[in-house]
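Below is one structure, written out as structure tokens; comments come after it.
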Amino acid sequence: MSQPASIHMGHGQMVDIVARDAGQWEIVFSEAGVPDYKAPPLNEVEVDAIDTQGRIHPLAISASGSVSSVLASGHVEGAYRVRMRVVHGTHFHTRESLLPGAAVLPPKLGSRGGALVALDGGLEAEVKRLDETRWEISFLKGGAVVAPPPAESVVVQAIGPRAEDYQIRNLATEPGEMPSTLIAGGKIKDATHARLTIKSEVGEQIRGFPIVSAA
């Protein structure tokens, strides 16, 4: 499997994702000029597989037998992107990247010209770019617009095109001008993907999906 550019986790730390057995990836850590670079402790690494439907699959982290890598096991079948979180000091560094050998997916277009993603219970969300700083979010069921969840229960991130610093941007969510929409505002600009988290009393659902970029 061909390997794209390594993921820049920050402070010189690099990560490569290598497919192993079915249901398992090896997460290889390195730093230029450092032989036998040591992987972080297992409890300081978190990995999500993102499938082509936008669903997020957290993976279990275990030892690999190599000082420089760990294993990530779980639902990796059908994944095309990866989300990495690694502790650096007192905080996590988070990155998203296309997987080795995976093709870039075009967004699924909604009726309003935005990107559509399926949620649980037959619900769908459409994210439409308004300008460099705002996305409009609509919710639909059976093709009909329905009332959105409360703005405070919807967390939106804009994901930039490179797996480097400042590519994952937290947006502020607020009610839209129309009662049927929400607005997510912040550094959208060159974003290629969105990450949508909807919280409720029964838990939360998360989707990561390609969006319609600026022309």
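I need a count of the residues in the range 183-205 that are assigned to a loop (DSSP other than H, G, I, E, B) and either outside the structural domain of Ala147 (by the TED database) or open to solvent by 60 Å² or more (accessible area, probe 1.4 Å) (or both).
Going through the range 183-205, the residues assigned to a loop (DSSP other than H, G, I, E, B) turn out to be 186-192, 201-202.
After this cut, where a residue has to be either outside the structural domain of Ala147 (by the TED database) or open to solvent by 60 Å² or more (accessible area, probe 1.4 Å) (or both) as well, the list is 187, 189-190, 201-202.
Looking only at that region, the number is 5.
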For the range 34-54, name all the residues that are crowded, with 20+ Cβ neighbours inside 10 Å and either part of a strand (DSSP E or B) or in contact with a Pro (Cβ under 6 Å, 6 or more places away or on another chain) (or both).
Val45, Val47, Asp48, Ala49, Ile50
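For every residue, the table says whether it meets (1) touching a helix residue (DSSP H, G or I) at 6+ places or on another chain (Cβ under 6 Å); (2) of a type outside the set (Phe, Trp, Tyr); (3) under 30 Å from Ile17 (Cα atoms); (4) open to solvent by 70 Å² or more (accessible area, probe 1.4 Å).
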{"site": "Pro107", "(1), (2), (3), (4)": "no, yes, yes, no"}
{"site": "Gly113", "(1), (2), (3), (4)": "no, yes, no, no"}
{"site": "Glu152", "(1), (2), (3), (4)": "no, yes, no, yes"}
{"site": "Arg162", "(1), (2), (3), (4)": "no, yes, yes, yes"}
{"site": "Leu171", "(1), (2), (3), (4)": "no, yes, yes, no"}
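So is Val87 of a type outside the set (S, T, N, Q) and in contact with a helix residue (DSSP H, G or I) (Cβ under 7 Å, 6 or more places away or on another chain) or not?
On the way: of a type outside the set (S, T, N, Q): yes; in contact with a helix residue (DSSP H, G or I) (Cβ under 7 Å, 6 or more places away or on another chain): yes.
Taking the combined requirement at face value, the residue satisfies it.
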Return yes when Pro58 is surrounded by fewer than 20 Cβ atoms within 10 Å (Cβ to Cβ), out of contact with any Gly (no Cβ under 9 Å at 6 or more places or on another chain) and at negative phi and no when it is not.
no
Residue, nearest to Asp51 (Cα to Cα), within the range 131-150, restricted to residues that are in contact with a strand residue (DSSP E or B) (Cβ under 6 Å, 6 or more places away or on another chain) and open to solvent by 70 Å² or more (accessible area, probe 1.4 Å)
Lys141
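When the range 20-33 is examined, which residues are found to be aliphatic (A, V, I, L, M) and either crowded, with 17+ Cβ neighbours inside 10 Å or touching a Gly at 6+ places or on another chain (Cβ under 8 Å) (or both)?
Hits for the range 20-33 are Ile27, Val28, Ala32.
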Within the range 35-45, track down each residue that is more than 15 Å from Gly65 (Cβ to Cβ) and either at pLDDT 95 or above or in contact with a Cys (Cβ under 7 Å, 6 or more places away or on another chain) (or both).
Tyr37, Pro40, Pro41, Asn43, Glu44, Val45
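Taking Glu164 as the residue in question, decide whether it is assigned to a loop (DSSP other than H, G, I, E, B) and over 17 Å from the mean Cα position of the chain (by Cα). If you could, list the steps in order and put the result at the bottom.
Numbers: assigned to a loop (DSSP other than H, G, I, E, B): yes; over 17 Å from the mean Cα position of the chain (by Cα): no.
Judged against the criteria, Glu164 is not a match.
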Ser180 vs (1) open to solvent by 40 Å² or more (accessible area, probe 1.4 Å); (2) at pLDDT below 95; (3) more than 23 Å from His57 (Cβ to Cβ): all pass except (1)
Gln157 fails exactly one of (1) over 25 Å from Glu26 (Cα atoms); (2) out of contact with any His (no Cβ under 9 Å at 6 or more places or on another chain), namely (2)
Do we have any residue at all in the range 121-131 that's at pLDDT below 95 and on the phi > 0 side of the Ramachandran plot?
yes
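The values are calculated or read from the model by the stated rules, or taken from the named source; none is laboratory data. Quick caveat, the model's predicted, so the values are computed rather than measured. Glycine also receives a Cβ, built like all others from the backbone with ideal geometry; neighbour counts cover every protein chain displayed. Accessible surface areas use protein heavy atoms only, side chains included; no ligands, DNA or RNA. Shrake-Rupley method; radii C 1.70, N 1.55, O 1.52, S 1.80 Å.
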